[in-house]
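Here's the structure, in structure tokens; my notes come after.
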Amino acid sequence: MISVVVADDHAIVRAGVRALLGAEPDVTVLAEAENGHQAVEAVERCSPDVLLLDLSMSHANGLEAIRQVRKKRPGTRVLVLSMHETAEYVAPALRAGAHGYVVKGAGLQDLVRALRAVAAGERYLAKGAEQFLLESAEPTDISKLLTPREREVLQRVAEGQTNRQIAGELGLSPKTVDTHRSSLMRKLDLHDVQALTRFAMRQGLLGRE
């Protein structure tokens, strides 16, 4: 069972989210909060698995609440639910310590998928948020994140090669290449080939020998 605290300054949003999550057999909402201070207090009191919060709240905004929760209750994962999906909102939330970001326009299944992913220790970014973040972020030092083989696979995936073509070039089995692709997506928190391609372009990997 995934325990959740819901924090949003709009009562109707809190009620709606609570009702939606309450219909899920593996999710229980422990408490609600209407501002940042209440969110931190609720997390300290209830020790939920996940804090689901908006960024635009009074009395310690969402960013400050994230920082305090990460400091006081590091075992609680933080998932942002926001109407904004631009990098100016996504990047600060991640820097503050959020583990996931989903937009309010997403469907119920997207929200539940994000909640379960974050509760399981993964990072989750809504696709729109992911794109804006990739377009604005500084290049990542992938030498610290990916193995040399994963970098080779990433380059070839971004160039449009199939698993069989990559396997032939690198002397691997298609199954091993698929394993590397899955590892890339997990490490980079990218969910499709298009996102991997954009990432590879930002890293200057395309066109390398």
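Read the figures in this text as sums done on the coordinates, not as results from a lab. Values in this document were obtained by computation on a predicted structure and should not be read as measured data. Ideal geometry is used to build each Cβ from the backbone, glycine not excepted, and the neighbour counts take in all protein chains shown.
Peptides 189-196, 113-120, 62-69 ranked from most to least packed give 62-69, 113-120, 189-196, packing being the mean of other C-beta atoms within 10 angstrom over each peptide's residues.
Computed packing ranks the peptides 30-38, 104-112, 180-188, 77-85 as 77-85, 30-38, 180-188, 104-112, most packed first, by mean other Cβ atoms within 10 Å. Of the residues Val69, Ala200, Ala19, the one whose Cα sits farthest towards the positive end of the charge dipole of the chain is Ala200 (charges of +1 on Lys and Arg Cβ, -1 on Asp and Glu Cβ, taken about the Cα centre).
Against the chain, whose longest principal axis is taken from its Cα atoms, helix 11-22 shows a tilt of about 60°.
Seen against the Cα atoms of the chain and their longest principal axis, helix 174-188 is set at about 40 degrees. Rounded, prolate or oblate, given the Cα gyration tensor of the range 1-104, with a/c below 1.5 counting as rounded? Rounded is the answer for the range 1-104, as its axis ratio a/c remains below 1.5. Rounded to the nearest 10 degrees, the inclination of helix 148-158 to the longest alpha-carbon principal axis of the chain is 90 degrees. Only Lys, Arg, Asp and Glu carry charge here, each on its Cβ (+1 for the first two, -1 for the last two); on that basis the range 2-136 has a dipole of about 380 debye about its Cα centre.
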